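> Let me begin by handing over the structure; questions about it come next.
The values are calculated or read from the model by the stated rules, or taken from the named source; none is laboratory data. Predicted, not measured: the structure shown is a model, and the values here were computed from it. Ideal geometry is used to build each Cβ from the backbone, glycine not excepted, and the neighbour counts take in all protein chains shown.
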């Protein structure tokens, strides 16, 4: 029954124009705000503690974050319309020299981003700008198989390979060996065995070292990139200068930490600029470093 509902709704969504899709997303965000009080509380508490800016109201930012999250989900259904005309009319490129460098460089690329702004549309930018090389996005699949099938189907519309985070290593290394581009979301809570604890928004967070290890193993560039909303259906693509992992020094452990810190600081910079566009309802700081746990015992 749930699968039938998913298929019915998504079939309808894909034929709507971007303005209507965005409006539905904002409505979904409002519904989540009122129907998920525990997530609402978590978002307000996280903003209040991690932003620490007296000029920013935690409740207002949390509410805006829910609205943006609803829009982020619905933007997946813009995949059918995401072409060069869409990009030209709706997306502004900040620091185009960074994008042009990545397009021309003859190296494997690890692209990093977060659950920030219109992150679902980034796959379309990969397809349009890197159609001469293999590109893939690495995702954490939801437990709901029906929802996972829908997400994978529409993400595949962008023309990039969708790879499950659970078995990504071999496929990513194969892509990078061919000087392709592999994109990761690097702002989620991570189990201790796969993390290093680094400063993130006035606290320590478990940072996923997977992208750093894969970048070092393949001598890849690490390229942070983001898509934030200027308005409901107008966006700006913002990318950083890439980090060349071949230039990192120290032990393997030190190199991994430096690479992970690089993409973590990029996410942090974007959140500080546009805190309302980040996914605050996620329990980002759930896992704590051993020294903190041992200090409490």
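> Considering 67, 102, 110, 93, which residue is surrounded by 22 or more Cβ atoms within 10 Å (Cβ to Cβ) and either under 19 Å from the mean Cα position of the chain (by Cα) or closer than 17 Å to residue 22 by Cβ (or both)? Spell out how you get there, then give the answer.
On the way: 67 fails: surrounded by 22 or more Cβ atoms within 10 Å (Cβ to Cβ); 102 fails: surrounded by 22 or more Cβ atoms within 10 Å (Cβ to Cβ); 93 fails: surrounded by 22 or more Cβ atoms within 10 Å (Cβ to Cβ).
After applying the criteria, what remains is 110.
> So residue 118 ticks every box in (1) at pLDDT below 95; (2) closer than 27 Å to residue 17 by Cβ; (3) in contact with a helix residue (DSSP H, G or I) (Cβ under 7 Å, 6 or more places away or on another chain) but one. Which box is left unticked?
(1)
> Still on this structure, please answer the following. Any idea which residue in region 194-220 is surrounded by the fewest Cβ atoms within 10 Å (Cβ to Cβ), counting only those that are touching a helix residue (DSSP H, G or I) at 6+ places or on another chain (Cβ under 7 Å) and farther than 17 Å from residue 253 by Cβ?
Restricting to residues being touching a helix residue (DSSP H, G or I) at 6+ places or on another chain (Cβ under 7 Å) and farther than 17 Å from residue 253 by Cβ, the top hit is 202.
> Right, next: Any idea which of 286, 258 is farther than 27 Å from residue 232 by Cα and part of a helix (DSSP H, G or I)?
On the way: 286 fails: part of a helix (DSSP H, G or I).
Being farther than 27 Å from residue 232 by Cα and part of a helix (DSSP H, G or I) holds for just one of 286, 258, which is 258.
> Could you pull out the residue among 186, 160, 172 that is under 29 Å from residue 84 (Cβ atoms) and at pLDDT below 90?
Details: 186 fails: at pLDDT below 90; 172 fails: at pLDDT below 90.
None of the other options fit; the residue is 160.
> Let me ask something else about it. Could you please tell me which pairs satisfy a Cβ distance under 9 Å, a separation of 6+ or placement on different chains, a first residue in region 262-278 that is free of Cβ contacts under 8 Å to residues at least 40 places away in the same chain, and a second residue that is surrounded by fewer than 16 Cβ atoms within 10 Å (Cβ to Cβ) and assigned to a helix (DSSP H, G or I)?
Listed pairs, sorted by first residue: none to list.
> Also, quick follow-up: Could you check how many residues of region 77-106 are out of contact with any helix residue (DSSP H, G or I) (no Cβ under 9 Å at 6 or more places or on another chain) and not in a helix (DSSP H, G or I)?
5
> Moving on to the next point. Residue pairs, Cβ under 7 Å, 6 or more apart or interchain, first in region 80-96 and within 21 Å of residue 156 (Cα to Cα), second surrounded by fewer than 12 Cβ atoms within 10 Å (Cβ to Cβ) and at pLDDT 95 or above. List them.
No pair meets every condition.
> Which condition number does residue 193 fail, the rest of (1) outside any strand (DSSP E or B); (2) over 24 Å from residue 25 (Cβ atoms); (3) under 20 Å from the mean Cα position of the chain (by Cα) being met?
Failing condition for residue 193: (3).
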